[in-house]
Amino acid sequence: MVNVHCLNNIASCGLDLFTADYNTESSYEDANVVLVRSAKMHDLDLSNNLVAIARAGAGVNNIPLESCAEAGVVVFNTPGANANAVKEQVLATMLLASRDLIGGNKWVEDNKDDADIAKSTEKAKKAFAGREIAGKKLGVIGLGAIGQLVANAAISLGMEVYGYDPYLSVAAALNLSREVKHVIDVNEIYKECNYITVHVPALDSTKGMIGKEAFELMQDGTVIINCARDVLVDEDVIGDYLKSGRVKCYVTDFPNPKTANMEGALCFPHLGASSAEAEDNCAIMAVNEVRDFIENGNIKNSVNYPACNLGVCATESRVAVCHKNVPAVISKITSAMGGANVNIESMANASRGEYAYSLLDLDKQPDTSIITELASIDGVIKVRVVK
């Protein structure tokens, strides 16, 4: 029985994919697998039972990735599963930042008891007039699953789109409209674009990337949309640029006491991926990743271990080994198997930074002493008999 614990509510359409071999009512302490959305895990202990954590979403800053890697806990996320939901929010907020629909709606609510509201409307509406987005320039920073959808949709809406991504994948490039102008210097986006939307992860290299130097390059009246991570925009200085008019509107999906009280900021309560469809997609993807890992040892969409796949296990046994990416570990593993007269019928190995992962298909079940010997090899972190 595989014990599964959910730190947050996970959509039932995902949980229903678990077979009777999985206990989804497990405690955290007994769990082999943890499913999580936004719950903070940095202060939680990682038990020896734990082998996998699946984040039903893309961002993983709530999970201690390095500690998990050191403990042989493979962390998965679900890239692209919520991409359409975020894309739709970006488009919606871009329109709200351009046409003061929120202000207009508030005016109607404030004047709903006016018997002559229809007449008053004609005088009042000019205060809420805005501008159209067609023909304007949109800069998309980060052309991953979300960014490429935003860029393509904006092209369809008649915008001129600039895209920046120094790590653009082949798959993303193939999905991107040919009309998107791919730039190699992000400063070109800051200088040229009327609207800027950011879709990159929160890394040391990206924190505060849209800051004073970027604001100084922008045109007056620029709209900045941040539905990715709060730390990407320097919120300590953006208020000054909102007051000066350099930035017309700052849209953020991550309200805090500063932005919630900032004139010119349009704040939403982290709604980007909060659609019913996105939550379902993330849950289904997370459970499928976990099941393939538990039942076959395969890794797909891990953020702390490399992708590794041997397909469905068709041999007598399969063993998975999390280990350090250092010399001689592989040879010691194969030597231990040979010394026990266990034949390795096929093998897959991959590395990612300091860590590596190996799958071994065997012609017979290894006994406990072999598993103990593998676990004692210098550099080996965790050994698991998959089958």
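Every number here is computed from the coordinates shown, using simple stated rules; none is lab data. Only a predicted model underlies this, so the values are computations on that prediction, with no experimental measurement involved. Here Cβ is always computed from backbone atoms with ideal geometry, including for glycine, and neighbour counts include all displayed protein chains.
For this structure, a couple of remarks:
- Amide proton proximity set for Val386, modelled H, under 5 Å, gap of 5+: Arg318, Val319, Ala320
- ³J(HN,Hα), Karplus 6.51/-1.76/1.60, whole Hz, each residue of segment 82-94, x for Gly, Pro: 10, 4, 5, 4, 5, 4, 5, 5, 4, 5, 5, 5, 5
- Pair Asn62, Glu277: separation of 7 Å Cα→Cβ label points (nm): 2.3 nm
- Ascending count of other beta-carbon atoms within 10 Å, so fewest first, for Thr206, Thr19, Thr78: Thr19, Thr206, Thr78
- Förster radius 51 Å - calculated FRET efficiency between Ala173 and Val108 (Cβ-Cβ, nearest 0.05): 0.65
- Among the listed options (1) 42.1; (2) 23.2; (3) 18.0, the one matching mean projected area of the Cα convex hull in nm² as calculated from these coordinates is (2).
- Rounded if a/c under 1.5, otherwise prolate or oblate - segment 18-79, Cα gyration tensor axes: oblate
- Segment 236-387: C-alpha pair distances exceeding 20 Å, %: 62 percent
- Given Lys125/Lys248; Lys300/Lys387; Lys106/Lys212; Lys87/Lys123; Lys87/Lys207, the pairs whose alpha carbons are separated by over 25 Å: Lys106/Lys212; Lys87/Lys123
- With kT/(6 pi eta Rh) evaluated at 25 °C and eta = 0.890 mPa s, and Rh the Kirkwood radius from Cα pairs, segment 196-267 diffuses with a coefficient of 206 µm²/s according to Stokes-Einstein.
- Modelled label reach - Lys125, point 7 Å along Cα→Cβ, segment 79-110 residues with backbone N closer than 20 Å: 95-110
- The helix-only estimate of mean residue ellipticity at 222 nm for the chain, built from DSSP H runs of length n ≥ 4 each weighted as -39500 (n - 2.57), is -9500 deg cm²/dmol after division by the residue total.
- The relative contact order of the chain comes to 15 percent, based on Cα pairs under 8 Å that sit 6 or more residues apart.
- Phi-based couplings in Hz for segment 375-381 (Karplus 6.51, -1.76, 1.60; Gly and Pro marked x): 5, 8, 5, 4, x, 7, 9
- Highest mean packing first, where packing is the average number of other Cβ atoms within 10 Å per residue, the peptides 80-90, 211-221 line up as 80-90, 211-221.
- When +1 charges are put on Lys and Arg Cβ atoms and -1 charges on Asp and Glu Cβ atoms, the dipole computed for segment 83-267 relative to its Cα centre reaches about 380 debye.
- Taking Cα atoms only, the orientation of helix 276-296 departs from the longest principal axis of the chain by about 10 degrees.
- Ranked Glu25, Glu289, criterion: other C-beta atoms within 10 Å, fewest first: Glu25, Glu289
- The label point for Val312 and the one for Leu95, both projected 7 Å from the Cα toward the Cβ, are 4.5 nm apart.
- Alpha-carbon centroid distance for the pair segment 127-180 / segment 251-303, whole angstrom: 21 Å
- Taking label positions 7 Å along the Cα-Cβ direction at both Ile117 and Glu263, the computed distance is 2.8 nm, reported to one decimal.
- Assigned charges on the beta-carbon of Lys, Arg, Asp, Glu; segment 151-219 dipole about Cα centre (debye): 140 debye
- Kirkwood hydrodynamic radius of segment 83-267, Cα pairs, Å: 17.2 Å
- Cβ charges +1 (Lys, Arg) and -1 (Asp, Glu), total dipole of the chain, debye: 860 debye
- Alpha-carbon spread of segment 306-387, three principal axes, descending order, Å: 32, 26, 16
- 3J(HN,Hα) couplings calculated from phi for segment 68-75 with the Karplus curve 6.51 cos²θ - 1.76 cosθ + 1.60 (θ = phi - 60°) are, in sequence order, 5, 4, 5, 8, x, 9, 7, 9 Hz; Gly and Pro show x.
- Straightening the chain between Val231 and Ala202 buys 9.8 nm, computed as 0.36 nm per residue apart minus the Cα-Cα spacing.
- The calculated Kirkwood hydrodynamic radius for segment 56-143 is 17.5 Å, given to one decimal from all distinct C-alpha pairs.
- Using the average count of surrounding beta-carbon atoms within 10 Å as a protection proxy, the listed peptides 181-189, 244-252 rank, highest first, as 244-252, 181-189.
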